[in-house]
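Q: Got a structure for you, written out below as structure tokens; questions coming shortly.
The values are calculated or read from the model by the stated rules, or taken from the named source; none is laboratory data. Quick caveat, the model's predicted, so the values are computed rather than measured. Here Cβ is always computed from backbone atoms with ideal geometry, including for glycine, and neighbour counts include all displayed protein chains.
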Amino acid sequence: MALEADGERGGDMVALKRTGRPGPEYIEGGWQPQLERRVLAPLAGTGPRYFLWLAFLIAVIGWAGFAYLQQWRRGLIVTGMRDRISWGLYITSFVFFIGISHAGTLLSAILRAVKATWQMSITRMAEFITVVALMVGALFPLIDLGRPDRLWNIVVFGRWQSPLLWDLLAIATYLTGSTLYLYLPLVPDFALCRDRLGPQAPAWQRHFFEIVALGWRGTPEQQRLLEHAMTIMMVVIIPVAVSVHTVISWIFSMSLREPFNSTVFGAYFVAGAIFSGIAAIIVLMAVLRRLLRLEAYITERQFVNLGFLLAALALIMVYMNLSEYVTTGYKMNADTAVHFQQLMLGRFAGLFWFYIFGGLVVPGLIMLFPRTRTIRGVVVAATLVLVAMWIERYLIVVGGFSVPLMPYQPAQYAPTWVEWSILAGAFALFALIISVFTKLFPVVSIWEVVEYHQLEAATAVHRPRHGRDRQSAREGTAAVPVTVLAQEATQ
Amino acid sequence: MNEISCRFSEPTRRGLLALLALAGAALPMAAQAQTALAPTAIGIGVPSQAQLGQLIPLQARLVGVGGVPIPKATIYFTSPTTFLNVTGDAVLAEAVTDAQGLATASWRATRTGGLTIQAEFRGDDRYAPAKAAAPLVVGGERQLYVQQVGVRIPALNTAPISGLPILARLWPGLSAWPIAVALLVVWSLYATVVALLWRIAAAGRSVPAVAQLPSLTAGTGSAEGAEVQQ
Amino acid sequence: MWPVASHPATVSALTASRRRIASYVLTLAGVLGVGAVRTRTAFGRAVVVPSATRLAALPVPGAGGQQASRPTGRLRRWAMVIDLRRCDGCQSVSKPPQCTEACIEGHFAPAPMEWIQVYEADLPSGGTQFLPAPCQQCQSPPCTNVCPVGATFSTPEGVVLIDQDRCIGCRICLEACPYDRRFFNWGEPPQPPEAKLAPYSPEHQPPARRGTVMKCDFCPDLARAGRLPYCAQACPQGAIYYGDLEEDMATNGTDVVQLSHFITEHSAYRLKEHLGTEPRVWYIAGHGELVGRNPNKRGRLPTVWPWKRTAKGAETWSR
């Protein structure tokens, strides 16, 4: 099977651009060109639905901007926070988004470090989530400031001893690191885009890819350098990620308030971050897989494996919660008694038990039984986990502030429309940037998936044909003729 | 009220004091004594000079009629003080007289200058009140009260007095060094990676450009029959 | 020291608005060099005149501690002892707690800030005790540790102050304080016009500014000028003693006591001692028994702020 030269196939390219989908004439057989075509399709053309989606997101962000304008003009009085509960939705969402950002670290770095390969097709999405979640999360402390006009004071007068400064340094370091870690594996894919999108691509796109591809030619020397760089980043990003969420937990546990005065917060928050990060990947995976028709490359195997990781992390979260609540509950000092009463029986009881059962127990059960261990089941579990983890952050922040310090009645907190609007705007911003990314960057790391497949085919490993892989076998990814691969390997 | 107090001039007071202390006479000097209460007299013994911060012994002897010592009586050692424009007798110490009528206490000198130390017996249902005074000059100059902060870790749990730019604070902080070192390590690794990227770009420039690869959508092929919608 | 003359007027009888007029008059008097800051009522207790009078009578509030030291060079270490045996929540005078009222008026504290707040705590026997709580001025203050910009700091006299020019409003100090003694200006704070008369300094906090944190500051400028803080001056029972740990003396306006002996003799305690914050406010246990309070008589009158809405755009909020 030969791949014909470019230039005569404008019709197909036009078809690609007009409808966003490949035309009826399609290269048959070749698995790699299929992969490339499918993954690069969004870059090649955009349909009206996409612009509608963008417009919707921009509208939500605009509404959030309007809400923030109210806050800028009148002060934080427009929120529901007051002296006794002085942190609310903003800090909750801050912790939540930074938590999600651990998705990329886990998948790209940790799994790569232990030489797992099944996650190759989703590392790019995971890295997307990391970078975007960090960008959105880092906005929240700024939104929460009473005097954002004095932001520069942190730089000029910053104190090393303050947990908030640790946050600033850690998030800046992690954001830089994950941007680098996103960019490094993108270089060969950018080169692919530069070479393969054809002259019909608009000029800005061609120039863009020309620049960011860094002159990648796939030479052995370049590959060696890239491998070296990726190894460095893989090793560095793991402790950085762990330190980021530990340091974020320390803005709470460095205080003397009773529910916060706990030594286990660092580990608790890191576990929770990885937990919610996995859930975020699963959800994004499911969405992009459906929208961009990547069913061939993101299979049930990825979902089930991630689902197992989710269940494992749920078990770890159960352990951390037990550690926390059993030890403080056994001793039950006065403040703990108030906290438990509010959390488990009182005002937060509904949210708390939803978090425990919906967020920890049900996802574990879903993964336990083969009947529910499907893509749909895993996505349901992940959605539950995402909602439950946001609620858990809310319970930590607001629940912690609700314990009275002196002889007064516990205060109430009710977020206002401003806070909800800004939260919605943050989610919309998250979705917006990811949507833009899908148009700029290939959502699957093509060269890595190809590498993995070549490796598998070359070692002629027979993949077992039981349930998990039945889908992938049907979709033609399992048994790729060695001859075809050999032909493609010489391209 | 039997009082030997500062109403008198200084030399007179000193003289009377010495007289009483030596003779132990108990003759009351003031006018109407309450008929129900037995007259008492009190003498005070304090050093005349002390240093700031020094522990000063205070003594007082309470005697009744005929010089008989009065035991188990509470003596208050006070000093007239002016603090924030309020004047009053501040109680420095208390002591109970023993069988010899002697009460001893001590006071750490925290004020400088010419002070007056008084010994007061406030009277009870049997005995009349009595009061004696003596001068004390406290000299010296040092800060006595040092703030206690428990375990004091430099730059970790001690607060800055005033703000300093972040760079100037790099020196003294114990907690600053681990943070600074960790950041330095991580960011220099980032710099290494960026340098590697630079080298990748340089290596790319030196390779001659390959002929344009076939466009993705070139060629014919069968329909995507192999595709299965989920 | 500083020119002070006694003013015989009974200011306490005036209403809030009249007090403002009085303050203007006194400001004028103060400018002319006869500023009055303390008056005496018929009961012999000092009441407070709003702080506008501080303008002329007081030294310019400065940044440091030099003026807090006595001429010999020793630094003061301010502390407080609150005798709860004398605090009845001002039930006996049928008014809102006067310490809070005086502090609010003296510092133009915006509603609903009570820099010294009188809590009512339950006693095991069934009654209640009143607990006036100013900023505890901890020697190991958690709030100063966590501030990212160093806006809150300890002076050499041990008073914890806030620089509202630097505060970025992150509110981690509100989270860190274990005593609920820090307050945030959530909106444009309601302030009377007099608040803008004196220049701002961390020791003289008016006018309050939106988006910054405020709290009790132990009135260091008053102390330097030889006067008691507003709360100590205003307490009708003399329950609040203000003193110096260095000179080891304290006074409540009438009596002078030796601070360490007073604390030991009455077994005074500090709040939440086990947290290690080393506060400088001691409490002598009680429930107002020395002024004849029945512990079962609950309730105190709610605090009033004379200027709930004064400036355009200002709004108050709940705590």
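Q: Applying the selection to segment B:86-101, what residues are surrounded by fewer than 16 Cβ atoms within 10 Å (Cβ to Cβ) and of a type in the set (S, T, N, Q)?
A: B:T87, B:Q100
Q: I've got another one for you. Of the residues that make up segment C:175-183, is at least one crowded, with 22+ Cβ neighbours inside 10 Å, farther than 17 Å from C:I116 by Cβ and of a type in the set (S, T, Y)?
A: No.
Q: Could you check how many residues of segment C:98-129 are crowded, with 24+ Cβ neighbours inside 10 Å, within 12 Å of another protein chain (Cβ to nearest Cβ) and out of contact with any helix residue (DSSP H, G or I) (no Cβ under 7 Å at 6 or more places or on another chain)?
A: Qualifying residue count for the region: 2.
Q: Filter segment C:178-193 down to residues that are more than 22 Å from C:A223 (Cα to Cα) and more than 8 Å from every other protein chain (Cβ to nearest Cβ) and give me whichever is modelled with the highest pLDDT.
A: C:P189
Q: Listed residues C:C135, C:C170; which is closer than 26 Å to A:G400 by Cβ, crowded, with 23+ Cβ neighbours inside 10 Å and without any contact (Cβ under 8 Å) to a residue 40 or more places away in the chain? Before you say what the answer is, go through the steps one by one.
A: On the way: C:C135 fails: without any contact (Cβ under 8 Å) to a residue 40 or more places away in the chain.
Answer to the check: C:C170.
Q: Let me ask you something else. What about A:F157, is it surrounded by 20 or more Cβ atoms within 10 Å (Cβ to Cβ) and free of Cβ contacts under 8 Å to residues at least 60 places away in the same chain?
A: It is true that A:F157 is surrounded by 20 or more Cβ atoms within 10 Å (Cβ to Cβ) and free of Cβ contacts under 8 Å to residues at least 60 places away in the same chain.
Q: Please specify each residue of segment C:91-128 satisfying the condition of being at positive phi and not aromatic (F, W, Y).
A: C:S94, C:G126
Q: Looking at segment B:117-136, is at least one residue touching a residue at least 40 places away in the same chain (Cβ under 8 Å), polar (S, T, N, Q), surrounded by fewer than 20 Cβ atoms within 10 Å (Cβ to Cβ) and part of a strand (DSSP E or B)?
A: No: zero hits.
Q: Please indicate, with yes or no, whether at least one residue in segment C:285-303 is acidic (D, E), touching a strand residue (DSSP E or B) at 6+ places or on another chain (Cβ under 8 Å) and surrounded by fewer than 22 Cβ atoms within 10 Å (Cβ to Cβ).
A: Scanning segment C:285-303 turns up no residue that is acidic (D, E), touching a strand residue (DSSP E or B) at 6+ places or on another chain (Cβ under 8 Å) and surrounded by fewer than 22 Cβ atoms within 10 Å (Cβ to Cβ).
Q: If C:R86 passes every condition in (1) out of contact with any Gly (no Cβ under 7 Å at 6 or more places or on another chain); (2) more than 14 Å from chain A (Cβ to nearest Cβ) but one, which one does it miss?
A: (1)
Q: Restricting the search to segment A:259-301, which residues are touching a residue at least 40 places away in the same chain (Cβ under 8 Å), of a type outside the set (A, V, I, L, M) and away from every other protein chain (no Cβ under 13 Å)?
A: A:S262, A:Y268, A:F269, A:G272, A:F275, A:S276, A:G277, A:R301, listed by residue number.
Q: Listed residues A:I237, A:I274, A:I232; which is surrounded by fewer than 19 Cβ atoms within 10 Å (Cβ to Cβ) and of a type in the set (A, V, I, L, M)?
A: A:I232
Q: OK, next. Can you find, within segment A:80-113, the residue that is surrounded by the most Cβ atoms within 10 Å (Cβ to Cβ) among those that are more than 8 Å from every other protein chain (Cβ to nearest Cβ) and among the polar types (S, T, N, Q)?
A: My answer is A:S101.
Here's the yes/no breakdown for (1) modelled with pLDDT under 90; (2) of a type in the set (D, E, K, R); (3) under 30 Å from A:L43 (Cβ atoms):
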{"site": "A:V264", "(1), (2), (3)": "no, no, no"}
{"site": "A:F269", "(1), (2), (3)": "no, no, no"}
{"site": "A:V287", "(1), (2), (3)": "no, no, yes"}
{"site": "A:E295", "(1), (2), (3)": "yes, yes, yes"}
{"site": "A:F303", "(1), (2), (3)": "no, no, yes"}
{"site": "A:A337", "(1), (2), (3)": "no, no, no"}
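Q: Hey, does segment B:25-46 have a residue that's surrounded by fewer than 18 Cβ atoms within 10 Å (Cβ to Cβ) and modelled with pLDDT of 85 or more?
A: yes
Q: Related question: Can you tell me which residue within segment B:57-85, out of those that are closer than 26 Å to C:V256 by Cα and surrounded by fewer than 20 Cβ atoms within 10 Å (Cβ to Cβ), is nearest to the other protein chains (Cβ to nearest Cβ)?
A: As a first pass, look at segment B:57-85 and keep what is closer than 26 Å to C:V256 by Cα: B:57-62, B:73-85.
Adding the requirement that they be surrounded by fewer than 20 Cβ atoms within 10 Å (Cβ to Cβ) leaves B:57, B:59, B:74, B:76, B:80, B:82, B:85.
Details: B:P57: 16, B:Q59: 18, B:T74: 12, B:Y76: 10, B:P80: 8, B:T82: 8, B:N85: 5 Å.
Restricting to residues being closer than 26 Å to C:V256 by Cα and surrounded by fewer than 20 Cβ atoms within 10 Å (Cβ to Cβ), the top hit is B:N85.
Q: Further question on the same structure: Given (1) within 21 Å of A:S162 (Cβ to Cβ); (2) at pLDDT 95 or above, identify the lone condition not met by C:S140.
A: If we test C:S140 against (1) within 21 Å of A:S162 (Cβ to Cβ); (2) at pLDDT 95 or above, just (2) comes out false.
Q: Taking segment A:196-214 as the search range and keeping residues that are within 29 Å of the chain's Cα centre (by Cα) and not hydrophobic (A, V, I, L, M, F, W, C), which one is farthest from the other protein chains (Cβ to nearest Cβ)?
A: Ranking the candidates gives A:H207 first.
Q: Might you let me know whether segment C:268-277 holds any residue that is touching a residue at least 24 places away in the same chain (Cβ under 8 Å), within 12 Å of chain B (Cβ to nearest Cβ) and either outside any loop (DSSP other than H, G, I, E, B) or acidic (D, E) (or both)?
A: As a first pass, look at segment C:268-277 and keep what is touching a residue at least 24 places away in the same chain (Cβ under 8 Å): C:268, C:270-272, C:275-277.
Still in the list and also within 12 Å of chain B (Cβ to nearest Cβ): C:275-277.
Going one step further and asking which of them are either outside any loop (DSSP other than H, G, I, E, B) or acidic (D, E) (or both), we end up with C:275.
There is at least one residue in segment C:268-277 that is touching a residue at least 24 places away in the same chain (Cβ under 8 Å), within 12 Å of chain B (Cβ to nearest Cβ) and either outside any loop (DSSP other than H, G, I, E, B) or acidic (D, E) (or both).
Q: Among the listed residues A:E392, A:E488, A:E419, A:E448, which satisfies the condition of being modelled with pLDDT under 70, in a helix (DSSP H, G or I) and of a type outside the set (K, R)?
A: Selected residue: A:E488, the only one of A:E392, A:E488, A:E419, A:E448 that is modelled with pLDDT under 70, in a helix (DSSP H, G or I) and of a type outside the set (K, R).
Q: In segment A:252-270, what residues are crowded, with 22+ Cβ neighbours inside 10 Å and within 20 Å of the chain's Cα centre (by Cα)?
A: Answer for segment A:252-270, where residues must be crowded, with 22+ Cβ neighbours inside 10 Å and within 20 Å of the chain's Cα centre (by Cα): A:Y268, A:F269, A:V270.
Q: Any residue at all in segment C:199-210 that's within 14 Å of chain A (Cβ to nearest Cβ) and over 16 Å from the mean Cα position of the chain (by Cα)?
A: Yes, because at least one residue in segment C:199-210 is within 14 Å of chain A (Cβ to nearest Cβ) and over 16 Å from the mean Cα position of the chain (by Cα).
Q: Which of the helices (runs of 4 or more DSSP H) contained wholly in segment A:83-167 include at least 3 residues that are out of contact with any helix residue (DSSP H, G or I) (no Cβ under 8 Å at 6 or more places or on another chain) and farther than 28 Å from A:V449 by Cβ?
A: A:152-157
Q: Further question on the same structure: Could you tell me how many of the residues in segment C:214-243 are of a type in the set (D, E, K, R), closer than 17 Å to B:T82 by Cβ and in a helix (DSSP H, G or I)?
A: Total satisfying the criteria: 1.
Q: Taking the options A:S249, A:S243, name whichever one is buried (at least 16 other Cβ atoms within 10 Å of the Cβ), within 11 Å of chain B (Cβ to nearest Cβ) and of a type outside the set (A, V, I, L, M, F, W, C).
A: Among A:S249, A:S243, only A:S243 is buried (at least 16 other Cβ atoms within 10 Å of the Cβ), within 11 Å of chain B (Cβ to nearest Cβ) and of a type outside the set (A, V, I, L, M, F, W, C).
Q: A further question follows. Is it the case that A:G307 is closer than 30 Å to A:L432 by Cβ, touching a Pro at 6+ places or on another chain (Cβ under 9 Å) and either modelled with pLDDT of 95 or more or surrounded by 20 or more Cβ atoms within 10 Å (Cβ to Cβ) (or both)?
A: The answer is yes for A:G307.
Q: Same structure, new question: Residues A:A2, A:A44, A:A55: which one is away from chain C (no Cβ under 14 Å) and modelled with pLDDT of 80 or more?
A: Working: A:A2 fails: modelled with pLDDT of 80 or more; A:A44 fails: modelled with pLDDT of 80 or more.
So the residue among A:A2, A:A44, A:A55 that is away from chain C (no Cβ under 14 Å) and modelled with pLDDT of 80 or more is A:A55.
Q: Is it true that some residue in segment C:199-207 is closer than 21 Å to C:G89 by Cα and assigned to a loop (DSSP other than H, G, I, E, B)?
A: no
Q: Just one of (1) within 17 Å of C:Q137 (Cβ to Cβ); (2) touching a strand residue (DSSP E or B) at 6+ places or on another chain (Cβ under 9 Å) trips up C:L275, so point out which.
A: Of (1) within 17 Å of C:Q137 (Cβ to Cβ); (2) touching a strand residue (DSSP E or B) at 6+ places or on another chain (Cβ under 9 Å), only one is false for C:L275: (2).
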